[in-house]
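Taking it in order: structure first as structure tokens, then the write-up.
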Amino acid sequence: MKSPDSLIKHANIMMVATVVMGIFNFLYQILMNRGLGAEDFADFYALLGLFVILSVPGMTIQTVVTKRISQLRAKDDYAGMARVFSGSLKRIFALGVLSFSLFVLVSGYLRDFLDIGSRLPVIITGVALLSSLFVPVGYGALQGLQKFTSLGINLILSTLGRVGSGVFLVFLGFRVSGAIGSSIIFSILAFGAAMVSLRFLFRKSSAGGKIDFLQMYKYSFPVFLAIFLLSLLSFVDILLVKHFFKEGAAVYSTASVLSRAIIYFSLAISMVMFPKVSEMEAKGENPSWLLGKSLLYYTILCLVASLIFFSFPEFIIRIFRREYLDTAPQLLKGFGFALTPIGLIGILVYYNLAVHRMKFLYVLLGGTALHIVLLSIFHATLLQVVLVLGLSGTLILGILLAVTVNIKKTLKL
């Protein structure tokens, strides 16, 4: 660790990348919202939520690769990094073929559950998931090497490519399939750019010692479970609202898409914190101060964003979807505060994964189950859904924070 300030420096780099990405995604959502119409946009947003939840294998791959690359970086073992990179890509192909086959088998059920008129957009979502599996290997290597400038530029350019291709495909009349299909273009651009940034690794000999992929597989299971539960916690409300509210889903999606930036802020900070904590742990150093600084920095950002949403909801909704001015502003007022605990939970999850302490999974599993049950029972109105989102998130955050602090004291981290 070069300096205590590197967390803020690198977090700011990723935050800038996240903000620019957010602007592009915001523009993308506006264009998709207007280009698709209310009903198609609700279908698109539901599939997007499904995509995020089912992207857990890819997010797991990125986290595991980041962890291993960080450990090898602590030893300056670049040949080992090259072996991890090439070996991971070879193993992704088989996983991708199997996953896509299973997705196609259940695509009809998913279409019916989400009340989507055609099966084609669901299949396209499966293709997007398949193509997205290769990107995390490149991103994980960049993250583990702490090349956050390259990673940030990659994210921005790839997102811009998705915006352009999405608008073009929708303009051609592909509607929801075109909007979802733009994620395939994103994956192609992102992986290609990552390969360019990592080209120096290709010059490193991959011969020599073997990488213990079995150990990486063992680490993958708790990572997969943690990220899957975190994704459910973050996005399951979108799917449930689409299921329970046939007409209100479009309003909820409009307010939700604006406030979800808060969760992406959490991801940006976690992406920086995770490899730094992993490297410090590999060197036998105490990384606990990084957790405190990350939580504080994120809380400040969320308070600012939440106050903006609370103070100017009509102005924000007017820009995005003027016809929802009667209903969406009330949802937007509460969304920022409701989603803040979930973002803090995300930081705690990645910290615990970085120090390889898995007791938190019991809390996350029970909390997510409770979260889904509460949303399934208490959904009389859209505002009630937002309220339940905030209350259950706060409860889980409190318990998870207590467990994390207790683990730190026990292990003297």
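Any read-out appearing in this document is the output of simple, stated calculations on the displayed coordinates, not a laboratory observation. Because the structure is a prediction, the values reported are computed rather than measured. Don't worry about glycine lacking a Cβ; one is built from the backbone with ideal geometry, like all the others, and counts go over all protein chains shown.
What the table shows:
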read-out: Approximate spin-label separation Y264-L395, in nm, with each point projected 7 Å along Cα-to-Cβ; value: 3.1 nm
read-out: Under the Karplus curve 6.51 cos²θ - 1.76 cosθ + 1.60, θ = phi - 60°, whole-Hz ³J(HN,Hα) for the range 332-348, x wherever Gly or Pro sits; value: 4, 4, x, 4, x, 5, 5, 8, 4, x, 5, x, 5, 4, x, 5, 5
read-out: Cβ-based exposure ranking for S6, S88, in which fewest neighbours within 10 Å come first; value: S6, S88
read-out: Residue (of G22, F134, V386) at the positive-pole extreme of the chain, dipole from beta-carbon charges; value: F134
read-out: Test item: Cα-centred dipole of the chain, Lys/Arg +1 and Asp/Glu -1 on Cβ, debye; value: 1380 debye
read-out: Cross-link reach list, aspartates and glutamates versus K333, counting only Cα pairs under 14 Å and skipping chain neighbours closer than eight places; value: E314
read-out: The chain: angle of helix 382-411 to the longest principal axis, Cα-based, in degrees nearest 10; value: 10 degrees
read-out: Too-long pairs where the Cα-Cα distance tops 26 Å, listed order kept, from K218/K242; K293/K359; K75/K359; value: K218/K242; K75/K359
read-out: Pairwise FRET efficiency - E323 versus V104, Cβ, R0 = 30 Å, nearest 0.05; value: 0.25
read-out: Peptides 227-239, 360-372 ordered by average Cβ neighbours within 10 Å, highest first; value: 227-239, 360-372
read-out: Fraction of alpha-carbon pairs over 26 Å apart in the range 258-413 - percent; value: 33 percent
read-out: Selected from T299, T159, T254 as most flexible by GNM, with the chain as the system and alpha-carbon contacts under 10 Å; value: T299
read-out: Backbone N under 20 Å from the S6 label point (7 Å along Cα→Cβ), restricted to the range 265-279; value: 268-279
read-out: With 10 Å bins from 0: P(r) over the range 168-237, alpha-carbon pairs, percent; value: 15, 18, 36, 22, 9, 0
read-out: Kirkwood-Stokes translational diffusion coefficient of the range 6-411, alpha-carbon pairs, 25 °C, 0.890 mPa s, µm²/s; value: 114 µm²/s
